[in-house]
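Inspection log for the structure reproduced underneath, given as C-alpha cells.
The values are calculated or read from the model by the stated rules, or taken from the named source; none is laboratory data. Treat the numbers as computed from the prediction; the structure is a model and nothing was measured. As a convention, Cβ positions derive from the backbone with ideal geometry for all residues, glycine included, and neighbour counts pool all protein chains shown.
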Amino acid sequence: MNKHKFIQQRRPQWKKFELFLREASSRSLSKLPADKISTFSQLLREISHDLATIRSRGWGHELTSYLNDLVARGHNLFYSAPPTNFARFYRYLAADFPRLFRANIGYFLIACLLFFLPMGVSWCVVQNNPELASRVIPEEYLAQFDQMYGEGGGLNSDIENTSESDADSEESEGTETGTFGDQRAAMAGFYINHNVGIALKCFALGVLLGIGTVYTLLFNGIFLGAVAGYIISQGNGDRFLSFVISHGSFELTAIAVAGGAGLILGNAIIHPGQRTRFQSLQVRGLEAVQIAGGAAAMLVMAAMIEAFWSPADFPDSVKYVVGSGLWLIVFLYLAFAGLQTDSRFPLHRNTSHSPREGDQH
C-alpha cells in the first residue's frame, strides 16, 4: 500500500478520533457512555499502529507529527488519573466505603471480637478489683483520671474568668471566647492525630501476617476497658460515660473497622491462592486501603465530637440521648448507606479471586 492510499483509507478514523478528543475534553472521558469509551480505546490503539507504520516507512515528518499529537492527547486523556474533587470524595464516604465495608464484614466481626471482648472482660475485672488497674495503666495516668473525672475535676474545659474584676468587661469576654475556641481547635487536632494514629497502626501492622493488627486490637481493648473499669470503680461513672458515649460511637467502631482492614492484609499474605503473595497483597491491599481511609474519616468525626461536644456543659441526660442517637447513626450508615446504588454500580471484584484461594468474606 502506497502513502496516498494509506492516508485516504485511514483519514476518516483520524478525524473520528479528533472528534472524540474534543467531546471527551469538554465532558470528561469518564462521563461518556461505555460503548464510546470502548471505541475510543480501540481508535487509540489503531492510530498508535498507524503512527508506527508511518515512522517505519518514512512517509513525512508532518504526518508523523500530526498522528503523534493525536496519540499523545489520547494517551493522556485515557490514562490520566481522574481529578479528585468534593463530589468524588462525598460519593466515596456516602456509598463506596460502606458498600466495601459490607463486602468484607467478616473481617470487621473478627476485629470486633478481638477488640470489644477483651475490653468488656478487663472492664468488668478492673471495676470489681480496682487495685488491678495499676498492672495495666501507669500510676500517673490513674492520678490524671482521678483529677479529670472526679468532682470538680477538669473534664469540662470551658475557660473560667481569671479575675473577678474583669468578669463583666467586654474585653475579657472577647479574650475568653477566643481562648475557648483556640483550645477546642487544639484539642481537635490532638484527638485527630492520636485517634487516626491508632487506626493506621491497626491497619498497617496487618502486613506482619496480621499479628500486629491482632496485638494492637487486643492491647487497646484491654487498656480502654481497664480505664473505664477504674474510673467507674472510683464513683465517677456518670461523668465518664456521659463524656465518652458520643464520640465513642465513631471512635471505637472505626478502630474495629481499621483492624478489619489490617486483617485483610494479613489474610492476603497468608492465603495468596494462585497469586504470588505480592500480587495478592496488591489486589486485596487496594480494598484494605479504602476501608482504612473510611475508618480514618470516622475518627476525624470522632475527634471533632470529642473536642467540641463531649466536654460541653450539658446535662448528662442530654448527652446520653445524643450519644445513643450517634451510635444508631453509625450502625445505619455502615449497614445501609449506598444500598440504593448496589445494583447499578456493583463493586469491582477480581473474578479470579475466589473463596478457594483463601479469601474469608
TODO: Only residues that are within 15 Å of residue 14 (Cβ to Cβ) and at pLDDT below 85: list them for the stretch 49-63, please.
DONE: 59, 60, 62, 63
Open item on the list: Taking the conditions exactly as written (surrounded by 12 or more Cβ atoms within 10 Å (Cβ to Cβ), charged (D, E, K, R) and more than 16 Å from residue 18 (Cα to Cα)), does residue 91 satisfy them or not?
Closed with: yes
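Conditions tested, residue by residue: (1) over 16 Å from residue 200 (Cβ atoms); (2) part of a helix (DSSP H, G or I); (3) in contact with a Ser or Thr (Cβ under 9 Å, 6 or more places away or on another chain); (4) charged (D, E, K, R).
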residue	(1), (2), (3), (4)
241	yes, yes, no, no
247	yes, yes, yes, no
257	no, yes, no, no
268	yes, yes, yes, no
274	yes, no, yes, no
- [ ] Keeping to the stretch 244-274, report how many residues are touching a Lys or Arg at 6+ places or on another chain (Cβ under 9 Å), surrounded by 24 or more Cβ atoms within 10 Å (Cβ to Cβ) and among the hydrophobic types (A, V, I, L, M, F, W, C).
- [x] 4
Task: Residue, modelled with the lowest pLDDT, within the stretch 302-321, restricted to residues that are surrounded by 19 or more Cβ atoms within 10 Å (Cβ to Cβ) and part of a helix (DSSP H, G or I) - done: 307
Task: Within the stretch 1-39, considering residues that are polar (S, T, N, Q) and in a loop (DSSP other than H, G, I, E, B), the one modelled with the highest pLDDT - done: 2
Open item on the list: Please go through (1) of a type outside the set (Lys, Arg); (2) farther than 30 Å from residue 317 by Cα; (3) touching a residue at least 60 places away in the same chain (Cβ under 8 Å) for residue 279 and return the number of the only condition it doesn't satisfy.
Closed with: (3)
TODO: Output the residue which, of all residues in the stretch 322-340 that are of a type in the set (Gly, Ala, Ser) and buried (at least 16 other Cβ atoms within 10 Å of the Cβ), is modelled with the highest pLDDT.
DONE: 323
Open item on the list: Condition first: more than 17 Å from the chain's Cα centre (by Cα) and aromatic (Phe, Trp, Tyr). Now tell me which residues in the stretch 238-274 satisfy that.
Closed with: 240, 243
- [ ] Pairs only if they're at least six apart or on different chains, beta carbon under 7 angstrom, first in the stretch 91-116 and closer than 17 Å to residue 250 by Cα, second buried (at least 18 other Cβ atoms within 10 Å of the Cβ) and among the hydroxyl-bearing types (Ser, Thr, Tyr); list them, first residue then second.
- [x] 98/333
